[in-house]
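The values are calculated or read from the model by the stated rules, or taken from the named source; none is laboratory data. This one's a predicted model, so the numbers in the text were calculated from it and none came from an experiment. Every residue, glycine among them, receives a Cβ derived from its backbone with ideal geometry; neighbour counts consider all protein chains shown. Keep in mind that these areas ignore ligands, DNA and RNA; they rest on the heavy atoms of the full protein, side chains included. Shrake-Rupley method; radii C 1.70, N 1.55, O 1.52, S 1.80 Å.
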Amino acid sequence: MLTEHIALGQGSLMAARQPFTDTDTADEAVRATCDDATTCKRFATSKGYWKDPYIQYFARNVGERKAPEINRGYYARVHGVNHLLDAFIRKTECDCQVINLGAGLDTTFWRLKDENIMPRKFFEVDFPTIVARKIHNIKTKPPLSKPIIETHSTDSLLLDAHSLDSDRYCIIGADLRDISNLDEKLKKFQLNPELPTLFLSECVLVYMTPSQSSNLIHWAAETFHTAMFINYEQVNMSDRFGQVMIENLQRRQCTLAGVEACQSLDSQKERFLKAGWEHADALDMMTIYSMLPQDDVARIERLEFLDERELLQQLLQHYSICWATKDKLNLGLSQLAF
């Protein structure tokens, strides 16, 4: 049963092996986790855990049944991350930009448009091969392309195999380990270092070496004076349950190169404070699950019978959200919490 519990942490990730080519099994295994995350979300939404009318355009089939604790884990992840993301956008009154690092086939841009809380611009960065797939889906599915066109002021969009740029949405194929290239590409597409900026990464940093991820976190702190970084990732990885998670991933050629930052909530916060962020907080997902609106939690708990509450608890205690802020504009970002 534990093999499927690695699924909760999978986003679209940057593998830690260099150089990367399509034949490289490590990077291939990591890219495959993008599909895992999408199919898990597709299944959970098909069961009614939350609404996402756009995920169907990235995962055609609902796929095989996922265990109830996986569905609840994804529910906690999606609602936890969205809670902080939406709070940041509202705090800045939408006068901000969002950069989703290792975004995969994420649908957040479309949700924000529907809810009328769009930032000034929404950027996504991922492996070029994943970006190419996402762009293909957007081009061929009018429900995805229409919102992008509606928020764009001219008749032409910049579109090639590995990038799409419009007034409000931009997707870029790049390697997060190559900071100068990342910085250059983002600035080319009108990233504004003066605007309040939110970084989002979900199970991305853990696939990079500690020095690669700390370079990325440091670049973000150095480049933006008013910013927030939300990182969803493994935690408490030195116990037996954590070891089993690591072994399961290794069997799929996925090495958690950055697992040392995932030892505790303190080690998660520390990595941000060391890299120039002013303030950092972290909570495990069990705690966050207990802080989400409990009437909705009660609703989703009625959707499926859960055999082993303890297994859910163990699983959620091994994931966390850490968020860090810098606030030169004194917007009150350090008060954003659960």
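For an R0 of 45 angstrom, estimate the FRET efficiency from the Cβ-Cβ distance between residue 156 and residue 264 and round to the nearest 0.05.
Values: r = 50 Å, r/R0 = 1.11.
According to the calculation, E is roughly 0.35.
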nm² value of the averaged projected area, convex hull over the Cα atoms of segment 26-160: 8.8
DSSP loop GluC sites (Glu not before Pro) in segment 190-256 with at most 12 other Cβ atoms within 10 Å of their Cβ, which ones? 194
Show which lysines lie in cross-link reach of residue 66 when reach means a straight Cα distance below 19 angstrom and same-chain residues fewer than eight apart are skipped. 41, 47, 51
With a probe of 1.4 Å, find how much accessible area segment 229-338 has per residue, and write the answer as a whole number in Å². 47
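Based on Cβ point charges of +1 for Lys and Arg and -1 for Asp and Glu, what charge dipole magnitude is obtained for the chain about its Cα centre, in debye rounded to the nearest 20?
Dipole magnitude for the chain comes out near 580 debye.
Ignoring ligands, DNA and RNA, what percent of the 1.4 Å accessible area of the chain is carbon and sulfur?
Numbers: 6680 of 13770 Å².
It is 49 percent, rounded to a whole number.
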Who wins for biggest fluctuation among 279, 218, 152 in a Gaussian network model of the chain, springs between alpha carbons below 10 Å? 152
Using only helices, what value at 222 nm comes out for the chain when you add -39,500 (n - 2.57) per DSSP H run of length 4 or more and divide by the total residues, to the nearest 500 deg cm²/dmol? -13000 deg cm²/dmol
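Loop-only trypsin sites (Lys or Arg not before Pro) in segment 217-302, please: DSSP not H, G, I, E or B, and at most 13 other Cβ atoms within 10 Å. Intermediate values should be presented prior to the final figure.
Numbers: sites: 240, 251, 252, 269, 271, 274, 299, 302; in loops: 252, 302.
Loop-located and lightly packed - 302.
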Charge context of residue 137, other residues only, Cβ under 15 angstrom, K/R +1, D/E -1: +3
Residue-count net charge about residue 319 - beta-carbon cut-off 9 Å; Lys, Arg +1, Asp, Glu -1: -1
Tell me which label goes with the value of percent of Cα pairs over 29 Å apart computed from the coordinates here: [x] 38; [y] 33; [z] 56. [y]
